[in-house]
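Undergrad: Submitted below is the structure of interest, expressed as structure tokens.
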Amino acid sequence: MSGNYFSGLFKGVKSLLVGMGETWKELWTKKVTAEYPENRKTTLFVSDRWRATLTMPHDENNEHACTSCKVCETNCPNGTIQVIQKVIETEEGKKKKVLDRYLYDLGMCTFCNLCVLTCPSDAIVFSKDFENATFTRDRLKEQLNKEGSKLREKKKEVKPEAEKSAPEAE
Amino acid sequence: MNYSQPLELSHVTAWLDEVLRGAMPEFWALLIEYVLIGVVLLTLYAVLALILIYAERKITAFFQSRLGPNRVGKWGIVQSVADMVKILIKEIIYVKKVDKVLFYVAPFFMIVASMLTFGAIPFGQGLQVVDFNIGVFYVLAVSSLGIIGVLLAGWSSNNKYSMVGAMRSGAQFVSYELSAGLALMTMVVLSGTMQLSEIVESQRYCWNLFNGHISAVIAFVIYLISGHAETNRGPFDLPEAESELIAGYHTEYSGLQFGFFYLAEYLNMFIIAAIATTVFLGGWMPIQVKGWDTFNQIMWYIPSYLWFFAKAAVLVFISLWVRWSFPRLRIDQLLNLEWKYLLPINLVNIFVMVLLVLSGLTLTGLFPNVFGN
């Protein structure tokens, strides 16, 4: 009984000291706080899996990969995406439907990634630019294809382009 | 041996006293001095609280590998000033079903208790408002008044969380007050006096902590533990255990009234550190070695109040360290610790101390040439 009392006492004191040793080490560890607005250009880390806003990558010729097939629009569970087509006449005189406006409403998006997953030509990806706050709801509605952009012609070189964009879409 | 002390604040107070007494009758001079002392003490109280809150938040953050406040001013240094302004302009919410008088009086009990203790603490050479010949006893008695504020707050809030918190606080305080008192009594046995100024003076060449070696170290640890418990801070923060009781006894308080409790909590932490400094660590006395006159002179160039605050700061840091190391105790563990461990050890310890002093086995008794006054 008395043996338990004293051994318990010393064990307790020892374990308390071990605990304080641990916190002492913690006191000198590197601090993990990210000072956000200051570090946005330097050490800011956003996970690769983060889906912030839908974007349509354009290459240097202002061309995108969207064939306006409307798969994304059909798959979107809450009508965030609206693909508006227009009919143009090709050089051979054929009539062809191409993308006119790709409308995306950020305010309605649940970031489920279904559009990116189902896109047959990898034309859209989710970017990591998370600073999307606006003052009015209307500002959340955006057009993803740039003014005057057109569909990239199918070539053999498209392959590496598709591979490059694929991991981003994951 | 008289050392030069150019930065000592007692020069200022002595000069002021001389000027006032020269310019007007003694009654008015004293009156002005009393008012000045009151104002200075209140200011010190508020400023210390701000510094403590800032230090606590910063050190807490470091213990959790965060940066802590870093937006208001450089390193967030005026954060607590901003918080103070916020709490001053906040609305005091008048709760309908409280016991009006007691509810509004309770915060003042807390503040007054710690203010009264403040008056007896020797902050530096000649910087002590009242030097009672029963200083230790007075400090103990007055600092225990704060518990009345806690109990009143819990009772009058008409809220079961407050009530449970206050009752826990009562049980805790009554228990740990015993240990704190006995630990200080151990040191009184060693010093042979209760007067704080004499206790400080007697530690000129050897702090009480070393003078009473084994016994004093045990008393020191026990005093820190029980002092920590008396301030209701983690791991002894059952009275305001936020995961169980929202905020415990001050659940219903808001604005400045809550600010009073908050202030008193931090100041109590400082007061415990200050008493421990005075009784165990030589108070405001600079580190002195007998015979090393040059060394002693250099130490005296650092003013005594800085010595006091530095020693107190170390103890406050230890208090924070403990707070962020250990989980909260359960009420039965809390009472076990006091009644089964601290109190019996304390009683044996005070007996050992009496034996040490009587048989001259203290350091000053063994080596009077090195440590004796």
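Undergrad: Can you name every one of the helices (runs of 4 or more DSSP H) wholly within the stretch A:1-114 that holds 2 or more residues which are away from chain B (no Cβ under 14 Å) and closer than 30 Å to A:E153 by Cα? Full working, then the answer.
TA: Details: elements: A:2-27, A:36-39, A:71-75.
Qualifying helices (runs of 4 or more DSSP H): A:71-75.
A quick yes/no check of all residues on (1) β-branched (V, I, T); (2) away from chain A (no Cβ under 14 Å); (3) surrounded by 14 or more Cβ atoms within 10 Å (Cβ to Cβ); (4) farther than 30 Å from B:S162 by Cβ:
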site: B:V39; (1), (2), (3), (4): yes, yes, no, yes
site: B:L48; (1), (2), (3), (4): no, yes, yes, no
site: B:Y54; (1), (2), (3), (4): no, yes, yes, no
site: B:F62; (1), (2), (3), (4): no, no, yes, yes
site: B:R66; (1), (2), (3), (4): no, no, yes, yes
site: B:V81; (1), (2), (3), (4): yes, yes, yes, no
site: B:I87; (1), (2), (3), (4): yes, yes, yes, no
site: B:K97; (1), (2), (3), (4): no, yes, no, no
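Undergrad: Right, here's the next one. When you look at B:L315, is it more than 14 Å from chain A (Cβ to nearest Cβ) and in contact (Cβ under 8 Å) with a residue 60 or more places away in the chain, yes or no? Outline the logic, then answer.
TA: Numbers: more than 14 Å from chain A (Cβ to nearest Cβ): yes; in contact (Cβ under 8 Å) with a residue 60 or more places away in the chain: yes.
Yes: the conditions hold for B:L315.
Undergrad: Could you list, in sequence order, the residues of the stretch B:334-373 that are free of Cβ contacts under 8 Å to residues at least 60 places away in the same chain, in a helix (DSSP H, G or I) and more than 27 Å from the chain's Cα centre (by Cα)?
TA: Passing the criteria: B:L355, B:L358, B:G365, B:L366, B:P368.
Undergrad: Under 8 Å between Cβ atoms, at least 6 apart or on separate chains: pull out the pairs that start in the stretch B:40-53 with a residue that is under 21 Å from B:R233 (Cα atoms) and touching a residue at least 40 places away in the same chain (Cβ under 8 Å) and end on any residue that is assigned to a helix (DSSP H, G or I) and among the β-branched types (V, I, T).
TA: Filtered contacts from the stretch B:40-53: B:L52/B:V316.
Undergrad: Among the numbered criteria (1) loosely packed, with under 13 Cβ neighbours inside 10 Å; (2) free of Cβ contacts under 8 Å to residues at least 24 places away in the same chain; (3) over 30 Å from B:W324 (Cα atoms), which single criterion is violated by B:A14?
TA: (2)
Undergrad: Based on what the data block shows, is B:R323 buried (at least 21 other Cβ atoms within 10 Å of the Cβ), under 30 Å from A:S15 (Cβ atoms) and within 14 Å of chain A (Cβ to nearest Cβ)? Spell out the reasoning first.
TA: On the way: buried (at least 21 other Cβ atoms within 10 Å of the Cβ): yes; under 30 Å from A:S15 (Cβ atoms): yes; within 14 Å of chain A (Cβ to nearest Cβ): yes.
Considered against the rule, which asks whether it is buried (at least 21 other Cβ atoms within 10 Å of the Cβ), under 30 Å from A:S15 (Cβ atoms) and within 14 Å of chain A (Cβ to nearest Cβ), B:R323 comes out as yes.
A short reminder: the numbers here are calculations on the coordinates, not readings from a lab. This one's a predicted model, so the numbers in the text were calculated from it and none came from an experiment. Note that we place each Cβ from the backbone using ideal geometry, even for glycine, and neighbour counts take in every protein chain shown.
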